[in-house]
Amino acid sequence: MKSLILALTLLHAPCLHAGVDIDIDALGESLGGWKNKTSTVDYSLSGADYRTYKPEITPTPDGGIFVSLRIDHRRGWLANDDHAVLEVSFGPDGTVASAQSNLAIQGRTISSDLIRSTANAGASVSGVEGAVKIGTDLVADLSSKLLREKVVEAGRVNFPAVLRHNYNLLFQSVRLRADKVVPIGEVPADPPKNVVPPKTDKNLEIRPYGEKEKVKLKD
């Protein structure tokens with residue numbers, strides 16, 4: 001009987017949920033400021049021009065987020081731009097779980113390995129130390145593959161470093177939030193903003209910046 005009462009008490013006890021998100025405004029400001037209509041920011045690094053687009057953010061089943069960031073190497077009016085996609089997964093606590101990138105240069109695709117926050121010995125590396133390790137390994141992997149492809153143009157050779165620049169600023173834009181207390185087993189009819197209903201299923205979909213997250217409950 002006591003066990004049953006304890007179980008019922010825990011079932012109806014309030015639970016504080018946490019969430020992880022990206023401060024899009026802070027990311028844009030750190031790169032130079034988003035353009036109002038294009039949702040991009042242009043900047044120069046090491047004498048070459050680049051453009052970063054506002055990221056796409058997808059919630060992951062473990063409570064973290066997956067972020068996809070497009071970056072262009074702008075080569076001028078008479079040349080085709082190079083393109084890159086930086087993909088970073090963050091855990092529920094805001095730590096970097098993994099990262100990888102793809103470069104599209106002169107019709108060729110150069111892909112990095114999937115860099116995880118796990119040391120060679122199998123020990124997990126998290127926090128700032130883990131983020132630094134992943135960023136360093138990602139740039140080293142891409143740089144070595146560019147070298148094998150005999151890429152020599154300055155703006156292209158510098159592309160991995162530009163990805164690292166964006167990666168660092170993205171990591172600094174991660175924000176943790178404490179959501180409101182919601183009793184376990186209860187789901188508000190109209191969930192307030194930043195409240196994640198407990199123990200409910202929802203469809204995971206890409207959430208463009210500025211669009212409210214849609215929560216769908218099973219019938």
- Query: Gain in length, Val152 to Asp62, computed as 0.36 nm per residue apart minus the alpha-carbon separation, to one decimal in nm?
  - Reply: 28.3 nm
- Which chymotrypsin sites (Phe, Trp or Tyr not before Pro) in the range 34-100 pass both tests, a DSSP loop state and at most 11 other beta-carbon atoms within 10 Å? Trp77
- Query: Using a 1.4 angstrom probe and counting only protein chains, how large is the accessible area of Ser39 in Å², to 10?
  - Reply: 40
- Item | Long-range HN-HN contacts of Asp82 with modeled amide H, under 5 Å | His73, Arg75
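The values are calculated or read from the model by the stated rules, or taken from the named source; none is laboratory data. Please read all numbers here as calculations on a predicted model, not as lab measurements. As a convention, Cβ positions derive from the backbone with ideal geometry for all residues, glycine included, and neighbour counts pool all protein chains shown. The protein model used for the area step is the full one, side chains on, heavy atoms only, and it has no ligands, DNA or RNA in it. Shrake-Rupley method; radii C 1.70, N 1.55, O 1.52, S 1.80 Å.
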